[in-house]
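We did not get these values from a lab; they are worked out from the coordinates using the rules stated. Owing to the predicted nature of the structure, the values given are computational and were not obtained by experimental measurement. So basically every Cβ, Gly included, is an ideal-geometry build from the backbone, and we count neighbours across all protein chains shown.
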Amino acid sequence: MKLLELCLSDGFGGLELYAARVVRQYTAQGVSCVAVVRRGTLLDRRLQQDGIAPGYLHTRSIYFPLRAAWKLARLIRAAGITTVHIHSRKDLALAVFAKRWSGTSPRLVYTRQMALTRPRFGVWHRFLYRHVDAYLTITRKL
């Protein structure tokens, strides 16, 4: 397994701490793990403190991050990534487009940290969520 942890969040709360912990644990277990984060964030600094050199990606749009998705798709293909793990709803469209364009069909795993605030059954959401291969939740309530 070759894992890509994708977390482009600017903050540093539970979501980002969980992403950093996943990268550390998989790396310690000998799993090949690539972290892709936003440059200059607290998550970026935390990973560097832990001796992990993350890759960087910047998105201009959370709904149609086409340029960033193309770059991520090339990374997925070049690095032989088999699983993409995302933590934030804002990274979902990016991960879905990258998965489709990579030509390698990596598994897409989405960790839900918070409950959905409203139903997501529109055409856009059906398109996005049908490409997710597995959902992880942090509590039974989700």
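If both residues of a DSSP beta bridge must be in the chain, then about 0% of such bridges are antiparallel. Look at the alpha carbon pairs under 8 Å that are at least 6 residues apart: their mean separation over the length of the chain gives a relative contact order of 23 percent. Note on F12 and Q48: the extension gain reaches 11.5 nm, defined as 0.36 nm multiplied by sequence separation minus the Cα-Cα distance. Equivalent-ellipsoid semi-axes for region 2-137 (Cα gyration tensor, √(5λ), whole Å, largest first): 22, 17, 14. For the chain, the residue among F97, C33, S9 whose Cα projects farthest onto the positive side of the dipole built from Cβ charges is F97.
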